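The values are calculated or read from the model by the stated rules, or taken from the named source; none is laboratory data. Treat the numbers as computed from the prediction; the structure is a model and nothing was measured. With ideal geometry, Cβ positions are generated from the backbone for all residues, glycine too; neighbour counts draw on all protein chains shown.
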Amino acid sequence: MLGMKSYLGWKIDFLHPEGEPAFAGPDSVSWRVFKNPIALGVGGIAAVLLEFADARIQSGVWDHSTFKTDPVGRSRRTGIAAMVGVYGPQSAARRVIQGVTNMHAKVSGETPTGESYRALDVELLDWVSATASYGFLTAYDRFVKPVSEADKTRFYAEGDAVARLYGVQHPLTCEADFDAMLDTLLPRFEPHPTNTEFLDIMKSGRAAKGVPKGLQSAIVHAAVAILPPEVRTRLELGPEYDLSSRGERVVRFMGTLAERIPVAASPAGQACVRLGLPATFLWKSPEKQASILQTTQVGLAASPAH
């Protein structure tokens, strides 16, 4: 079928069924944020570091996934799952999320210190969801465009339905929710060689072929820069990971540039077409978007999860 592609093992069609809504609409903050590859790169790396700070999540990923043999591929699969939740038809999103949940149901074990864990433990599900929301939104806000407090609240609300499909019981509703969750978990955070191994791989050029190694390195340093300071201290990510003023300018420039260059074949572009909008819709000015939406009635309202 035209539009059907294989994304690292998942068959996903962002173009069809025509008119089927996603869990967020094209006028959402989520669609704005997730279209930007710089925000995704920076935010995704930050989210992984925040997840791995907890030994239970780190052990689960390290012992029960391909992360230690294929960290790039595993990270990409996680990214695609996020994109399906934002841009995919709801039927496809449900299918992918159920598949991920089925895999997680088989994951359990013990940390090196003997603490038991299950991937479907509510505390872990809540934290993984929180780290993704924090990472992507914070990266966009700092390196692409400032996000108003009202839009931050909208962003969290837009992710509620998908988070609950994953089994999350306490999705973020505001930044204070993230801070409270962090305060609870922070005492258990600890450094681990996995963190530096992961960052070295992300800086090496293997993560995105064709992207200059210098940019990839700057993205890694940008990800460390948006970690809460107390987390960075706990993980012992020292001055060698500081983001230089030049690195910050590079990341900001690329993030701003990505806001202006449409990628029609991306999940974001294809989702727009599925809903009867121009493939370039998300890269147009807010005024132009509003004008287009006034004359378009196809798939604009995302229906709630059931």
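The set of residues from segment 136-152 being β-branched (Val, Ile, Thr) and closer than 16 Å to Glu259 by Cβ comprises Val144, Val147. Residue check: Ile80 meets all listed conditions (1) more than 19 Å from Val220 (Cα to Cα); (2) under 14 Å from the mean Cα position of the chain (by Cα); (3) buried (at least 22 other Cβ atoms within 10 Å of the Cβ) but one, namely (3).
Of all residues in segment 29-81, those that are modelled with pLDDT of 75 or more and among the basic types (Lys, Arg) total 3. Give me the pairs, please: first residue somewhere in segment 170-196 and over 18 Å from Tyr117 (Cβ atoms), second residue anywhere and β-branched (Val, Ile, Thr) and surrounded by fewer than 17 Cβ atoms within 10 Å (Cβ to Cβ), beta-carbon distance under 7 Å, and either six or more positions apart or on two chains. Partner pairs satisfying both residue conditions: Cys174/Thr153. Checking each residue in segment 103-144 for being surrounded by fewer than 17 Cβ atoms within 10 Å (Cβ to Cβ) and touching an Asp or Glu at 6+ places or on another chain (Cβ under 7 Å) picks out Gly109, Ser116.
The C-beta contact set for segment 94-114 (first residue touching a residue at least 12 places away in the same chain (Cβ under 8 Å) and closer than 27 Å to Pro191 by Cα, second residue crowded, with 17+ Cβ neighbours inside 10 Å and of a type in the set (D, E, K, R), distance under 8 angstrom, 6+ apart or interchain) comprises Thr111/Arg56. Among the residues of segment 198-217, is there at least one that is crowded, with 19+ Cβ neighbours inside 10 Å, small (Gly, Ala, Ser) and either at pLDDT 85 or above or farther than 28 Å from Ala180 by Cβ (or both)? Checked segment 198-217: at least one residue is crowded, with 19+ Cβ neighbours inside 10 Å, small (Gly, Ala, Ser) and either at pLDDT 85 or above or farther than 28 Å from Ala180 by Cβ (or both). If you go through segment 103-155 and keep only what is assigned to a helix (DSSP H, G or I), within 20 Å of Thr78 (Cβ to Cβ) and polar (S, T, N, Q), you end up with Ser129, Thr131, Ser133, Thr138.
Cβ-Cβ contacts under 8 Å between residues 6 or more apart (or on different chains), taken from a first residue in segment 199-210 that is of a type in the set (Gly, Ala, Ser) to a second residue that is at pLDDT below 70 and not in a loop (DSSP other than H, G, I, E, B), are listed as Ala207/Val72; Ala207/Ser75.
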